[in-house]
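Every read-out reported here was derived from the displayed coordinates using simple, explicitly stated rules and does not represent laboratory data. Since we're looking at a predicted model, the values are computed, not measured. When we count neighbours, we look across all protein chains shown, and the Cβ atoms used for this are built from the backbone with ideal geometry, even at glycine.
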Amino acid sequence: MPLFLVLGLLGCGAPEHQATIDLPPEPPVDVSRPVENPALVQALGVREVGRPVDQQASLVRELNRAVYLLPVPAEGAPATTRVIMYRDGRGGDWVPLFTDWQQMRAWTQRPVQPLVLPAGAAWDFALRDESAAGAVIDPAAYRLSLDRETLERLKNEAAPDARR
């Protein structure tokens, strides 16, 4: 099992589908430290609802600095794994990304192995899955939807160290 799969007991009734994850030989971030994103959580709390994400400079900066948790079922194989997707009210599937364990626990009770991803890798993953409408940050609380176009812009603006 790759080192950067962190074991945890979580879950939800969200739909799943197959997605291929190219796992790097080394963890992309320090997994010995808990994943926390207080600056992003603060930016999410004061964001201007209705205003495009890419026009909110502090939110864009924190989205690209963050490290995210991506929930995959505990029984997933290392090279190909099923990703637990967030389904919106219109039937669209979104890659759920979490700012911390508490947000993931609030969303799911299923056994999962969270994959720890820096922002650039999270954007790449969501864009690689052509069936995904985009990514959603903390769907149980903030439910910030980032469509594919927004993810492309975030990816292009990401700091070089966030693209690992």
Exercise for the section: Compute the distance in nm between two label points, each set 7 Å from the Cα along the Cα-to-Cβ direction, one at Glu157 and one at Val49. Expected result: 2.2
Problem - Most positive-pole-ward Cα, Ala57, Ala121, Val83, against dipole of the stretch 46-159 from beta carbon charges - result: Val83
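Mind checking the full-extension length gain between Asp88 and Gln102? Use 0.36 nm per residue of separation minus the Cα-Cα distance, one decimal, nm.
This chain segment gains 2.9 nm when fully extended.
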Handout entry: Anisotropy class of the stretch 63-125 from Cα gyration tensor, a/c 1.5 cut
Key = rounded
Handout entry: Projected label distance in nm at Arg148 and Gln56, using a 7 Å step from Cα toward the beta-carbon
Key = 2.4
